[in-house]
Each structure stands twice: as C-alpha cells, then as structure tokens.
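To start, the structure itself, in structure tokens.
Read-outs throughout are calculated quantities, based only on the coordinates presented, and are distinct from any laboratory measurement. Everything numeric in this text was worked out from a predicted model, so none of it was measured. Cβ placement follows ideal geometry from the backbone for every residue including glycine, while neighbour counts extend to all protein chains displayed.
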Amino acid sequence: MTISAIHYQVLPADPAGHLFQVVLQIQNPNPAGQKFSLPTWIPGSYMIRDFAKNIIDLQAVDSAENSLKITSLDKTSWCIEPCATPVRISYQVYAWDLSVRTAHFDSTHGFFNGTSMFLQVAGQEQNQHSVEILPAPHNQIWLCATTLPKVAVNPQGFGLYRAESYFDLIDFPVEMGTFDQATFIAGGKEHKIIITGKHDCDFERLTKDLAKICQAQIDFFGEAPFEQYLFMVMATGDGYGGLEHKDSTALICRRDDLPFVGMEKPTDDYLQFLELCSHEYFHLWNVKRILPAKYQNPDLAAPVYTDMLWWFEGATSAYDQLFLYRAGIIDTDKYLQLMAKQMTSVYRMPGRLLQSVAESSFHTWTKFYQQAENAPNSIISYYSKGALIVLGLDFEIRKASENKKTIDDLLLKLWTDFGAKNIGLAEGEIEQIASEIAGTDLSWFFDQYLRGTEDLPFADWLAEFGIEFSLRPQANSTDLGGFIPDSSQAISFYNLGANLRATDNQSVLVANVWHESPAYLAGIAAQDEIIAINEIKVKTPAQINGILARTRPGCELTCHFFRRDELMQTKIIVDNPPADRVSLRVIDNKKAERYL
Ligand code: ZN
C-alpha cells in the first residue's frame, strides 16, 4: 500500500461534534517554509465561502514529533516554519452545513467535498495526492461511496484512494453512511445511484429513467469519458440543488420528488428531479471537460471571472430539458411546456432589461450568488436567459445554414476540438466558433442578446417552425407559464406584484416587490409583514390571493402591515397582471417536425 508524497488521512471522528479529524503528511516540504491553504470557493458554485473558517486546532510537527510554528498569512492560508524533514499537519473540520457545496457529518452519515477537507500544499498541486478514508469508529456498518480512483479499499469502500493532482482531488465528493444504492449500465459503463436520508424511492423506475437519459447523452457525444459515474442523492423534507463533478454529482432533493412504487405518469416533481440529474450529468461534458481555460487549474483563493457562463450554464439548462425529450421521458407537449416555463422565468424579471447575461456571468460572485430582495428588478439569470440565448443561437445557425447546421454541431465541435483534447476555451472563443458553424458572422447576435439586454425575437423564430409563441397574464397563483388549453382560465387572477410567504406568526411576509406593481405603488417593501386586508386578519398568501380573486382592476384594498415594529396602513389599487407568462404550442405539425 503506497501512499503519495502528499497524503491525507480522514477520520469521521466525532459525530456529535460534527468533526472530521484530518492528518496531512508532506514528504518534501519547502525547506524555506511550506505554505498551505484551503480554497475559498468550490468550482461550480461561484461564491467566496471561506471554507477555512471551519478548520479547528491546526497543528504541525516534524518527523521527530517536534512541534512546528504555524503562521497565518491571511484568512485562508498559512506557513510552517522552515523544516528539513517530512511534516505532519493535523486539524479538525467542522462539518454541519447540509449542502452539496461543503461538508456535513452526524451519527447518520458523513459527506464532504475536498475543498472543505484537504489543505492545498503550495507549489505541489500538480503532484499525485493520496487519501486514506478511515471507517467511522462509532458505526462499523457504514459504507463509503466516491469515484476517487481506488488503491486498496475494503468491501465497504473505506481505504486508500489516489488523485493525480490537487485539482483532481477536490473534484470527488465522498458520502459515508448506511445509504441505499442501485446500479445501471449506460454506454457500457457502470453508473451507481445512492440515496441518503429517509425515502421510499422506487429504484427500479429511477434507474430505468436515468439509464435512458444517460444513454441519450452518451450517444450524442459518442463516448462516456469516465470509468464509472456516481449520483449521490441526499433526500430531505424540502431541499433542492446539485453540483457537478467529472465523474459524479452531489444532489439534494425533496424525498417527495423521488418516484414511488405504483407511480404511473411521472409527477412534475419527479420530472424536475430528472431534469436536475440530466443537468448535472450533461455538465460532465459541458464545464467539467469543455471549459474556460481559466477554470482548468483555477485560483481557489479569489474569484475567477468569466463572461462565458451563458454557455456553460445556459446550454446545460437548455439541453437538460432537451435530453428528457430525446430520451423519451417527456413528449412534445411537455417539452414545450418546460421550454415555456424557462422563457417565463426570464420575462418575469424586469432586471433582464438592466443587466446583460455577460454581466450576470461576470458578477455572479456578488449578484447572482448573493441575491437580495431587489434581485428581480436588477439582475437576470445566466441560467435561464443563457438557455434562451442558446435556443436563439440555434435558430440563427439554422437560418444561416438553411437548416443544415444546428446548435448540436456547435456543441459537438466544442467536445471534439476542446473537451476531448483537454484544451480550455478563451473568452469569446465560443462566439467565434458559432460564427464558423453558421458560416456567417454572428457577432451582432452576441452584441444584441449577450452583451445587450434586448428581448430575443422568439415569436418570429418559432413561427418558422410552426410553433406559436405568445405572452399572456398569470392565470393563478401557481402559474409559471406554458400553454393553457382552456383560455377562459387565464382571466381572473390579480396579483400584487410581490412574492409573499407565510410566517410563524400567522401573518404574511413580503419577500420581493416588483417595480411598478400594485404593491410597489402602494409603498409596500420587502420584509414588511402584512397582517390585515380590508381590516380582516390575513394569515397566509393563499388568503390574500382569495381576496384578490373577488376584486376587479381599479378596486382599492386597505392594507395594514408592520414595517419593523411600526404599524402602517396603505391603499392597494388592484390591477391586471402583466402579460409575462410564455405560452408555446404547435400550430403546424409539418413545419415543427424540422425542429422537434
Ligand atoms: Zn449547472
């Protein structure tokens, strides 16, 4: 059993204190004083999180067990006093954040990302690293799951693993506990799905559907560029999220999103979960292998800025839905419904007229990842509008090439010429390649829709393919867009132009207020607590929607609310909701066949 010159040992030591014990051995430290650090962010989630704040009791010794002085250099890096022998650093990691981005550990399970766990040894990042993951002393039946390459591992999955570099090492999250698991084959490669947390998932259904999605993506790219793939799922009461890695993904979902025995038609919640799986799986090509050059060995101490997330998250958001369709999980109508909802999420944001997608990508570190109450009025998502730019680019490529080329050709070229060859992309390079594929200069397109804030002309584009695009008002409180067969439903809903949430005090909290909406014009602000409408107590957002449903545009409502602890009163004038819900439907099947 050989360990590398940089070797970590991870012990799930104290489940009650949520503490992993880590030992790092550096065989050849810099004799002038070895510097080391912990990343401040995790690739795929663009926010400074300062993981070092969870490091406790950091100590270092030389090979004779003499204690070595450690000097803090900044909030996330240190230096050991000069030492001529191998060095051993020990520390604890506090792991009590249940998210896919950090680490979590208690008596039921342990999960960690390398960015929370492994100190980066300055100057030795490109060397091989090894990790020994030790079994939990408090629970001998635990299993361990990760796609880190194995060196000597016991049947439960604990033992010695290896990574080719530090950047490689931090791309393999680890789950340990008594999770349930199932396997399936796609592209001739083993895929495993594990579920932690209480659940009643129908694994047979889930693996059947996932295998179709994975196979469709592998068929598209022509290869499965990994040895094995792992979906690690944490099932909770109300969580949602995922983070992509080269050979695995960490996901959090609601346990009710998972399929159950006896489910006939997939529920919308299950489809959303499959879309999340499709999204993270697509990332194994797009952003983990096809990627900006500056993401290849990124500076993990500071933000790495790019304008290109319109492609890396936008294309992934467009294709995650498309592959549900291509895999036969959803039909044409459902695909158009999902596309219409994606479009609606853009048209609902007045901020789309103020922030370009290129800016959204560049400033993701502060604006998109740290959204405050004014976000709908001031920013746009590079996921959803990025997806629309990718759909629009598809129409322009089809137009320029007389429907001989599509966005698929651009994606495949990015894979064969860059991803498969491990070549990173320069800023703006995808735009140039798109023009090459189209055979015409498309820089006007990117100036208008990527760096500019114009709405994309979907009505015209889609009409060419027999699909009607229209904007209509919100039909009910859960309406997020899509075609409504019975148009009479789409008339009697009035909203305040505010996101409302129930509070524990049996009142209603205002989360966001849309500019120029009835709530805005009445002077209602985010964090206000609405307690009465027309002098009757209101306890839930549904109750307010019920009151609005009995009004007409122009009606006045008296609203009592608290701002901080001060009681205030205002008049809300009910108005028609804006036409910001996108509806898509096929009106010419023959034309649509060329697109769908
Ligand atoms: Zn993504």
Could you pull out every one of the aspartates and glutamates with an alpha carbon less than 18 Å from that of LYS405, ignoring same-chain neighbours closer than 8 positions? ASP394, GLU396, ASP417, GLU431, GLU436, ASP441, GLU464, GLU593
Give, as ranges by residue number, the residues of the range 527-549 whose backbone N falls under 20 Å from the point 7 Å along Cα→Cβ of ILE484. 541-549
By per-residue mean of other Cβ atoms within 10 Å, what is the highest-first order of 230-239, 562-571? 230-239, 562-571
In sequence order, calculated HN-Hα J values of the range 57-72 (Karplus, 6.51, -1.76, 1.60; Hz; x Gly/Pro): 6, 7, 9, 9, 9, 8, 5, 9, 6, 6, 5, 10, 6, 10, 10, 6
Set the bar at 30 Å for Cα to Cα. Now go through LYS294/LYS413; LYS192/LYS288; LYS208/LYS288; LYS198/LYS385; LYS75/LYS421; LYS246/LYS413 and name every pair that lies beyond it. LYS198/LYS385; LYS75/LYS421
In deg cm²/dmol, rounded to 500, what helix-only [θ] at 222 nm does the chain give when every DSSP H run of at least 4 residues adds -39500 (n - 2.57) and the total is split over its residues? -7000 deg cm²/dmol
In nm, spacing of pseudo-spin labels at ASN297 and THR236 (7 Å Cα→C-beta vector): 3.6 nm
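Want the number for ARG563 to LYS405: 0.36 nm per residue separation, take away the alpha-carbon distance, what's left?
Numbers: separation 158, 0.36 × 158 = 56.88 nm, distance 5.63 nm.
Gain on extension, ARG563 to LYS405, equals 51.2 nm.
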Any lysines whose Cα falls less than 25 Å from that of LYS69, other than same-chain ones fewer than 8 residues away, would be LYS35, LYS53
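Hey, with R₀ at 30 Å, roughly what FRET efficiency would VAL304 and TRP444 work out to, going by the Cβ-Cβ distance, to 0.05?
E between VAL304 and TRP444, to the nearest 0.05, is 0.55.
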No solvent, one uniform scatterer per C-alpha: report log10 I(q)/I(0) for the range 442-596 via the Debye equation at q = 0.10, 0.13 1/Å, two decimals. -0.50, -0.72
Using only alpha carbons, build the gyration tensor for the chain and give me the equivalent ellipsoid semi-axes, biggest first, whole Å. 44, 31, 24
Quick one: which residues, 5 or more positions from ILE467 or on another chain, have an amide H under 5 Å from its amide H? H modelled 1.01 Å from N in the peptide plane, none for Pro or chain starts. ILE587
Name the residue from GLY237, THR503, PRO303 whose Cα lies farthest towards the positive end of the charge dipole of the chain, charges +1 on Cβ of Lys and Arg and -1 on Cβ of Asp and Glu. THR503
Describe numerically, in nm with one decimal, the distance between label points set 7 Å from Cα along Cα→Cβ at THR416 and at ASN28. 4.1 nm
Can you give me the long-range amide H partners of ASN127? Hydrogens built in the peptide plane at 1.01 Å from N, cutoff under 5 Å, separation of 5 or more residues or another chain. TYR166
Between rounded, prolate and oblate, where does the range 489-551 land on the alpha carbon gyration tensor, with a ≥ b ≥ c its root eigenvalues, rounded for a/c under 1.5, else prolate if a/b exceeds b/c? oblate
